[in-house]
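The numbers here are math on the coordinates, done by the rules we state, and not lab data. Bear in mind the structure is a predicted one, so any value in this text is a computation, not a measurement. Reconstructed Cβ throughout: ideal geometry from the backbone, glycine too, with neighbour counts over all protein chains shown.
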Amino acid sequence: MTDIEQAEHVIELMVLAAWADGRVEGSEAHAVQRLASKEPLLSGHGPVGEVSKVTHQRLVREGMEQCLLASVRGLKDKPYRELGFQCAAKVMGADNRGDVEEDRMLSRLQTMFGFQPADVERLLVVAAAEPR
């Protein structure tokens, strides 16, 4: 069963991941849409465009760190926490560029979620194996 609130926090993380380097590429926006529609744990969420708009407004108002904290705190269950990390990594990789800001964000998410290096390696392997 989908937890709508946690699903929307995962979508928020994807939007924040797209903005991690200060701009959103079309491939990143497409990745957010595609992941939000295909991931079973995200079914039933509100309109992605609306979640994106609200998240971006909050990002401008409060900054990346506060937005990340709010989204991470909203992910109570391990499957959603892991999905949030994986989806953020997939969105960041959608533009086929590795930016320092994106690496910093993944590192920050690792710390916020309390993931060990082995957890991150497992999650990134799974994320890379699945189509973006």
Inset, instruction - Evaluate the relative contact order of the range 4-129 (contact order divided by residue number), counting alpha-carbon pairs under 8 angstrom at least 6 apart; express in whole percent. - result: 38 percent
Legend entry - Separation of alpha-carbon centers, the range 44-80 and the range 3-21, rounded to whole Å: 5 Å
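What ranking of Thr55, Thr2 emerges when the number of other C-beta atoms within 10 Å of each C-beta is taken as an exposure proxy, fewest first?
Arranged by neighbour count, lowest to highest, Thr55, Thr2 become Thr2, Thr55.
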Legend entry - For the range 4-129, the fraction of alpha-carbon pairs in successive 5 Å shells from zero, as %: 2, 12, 25, 27, 22, 10, 2, 0
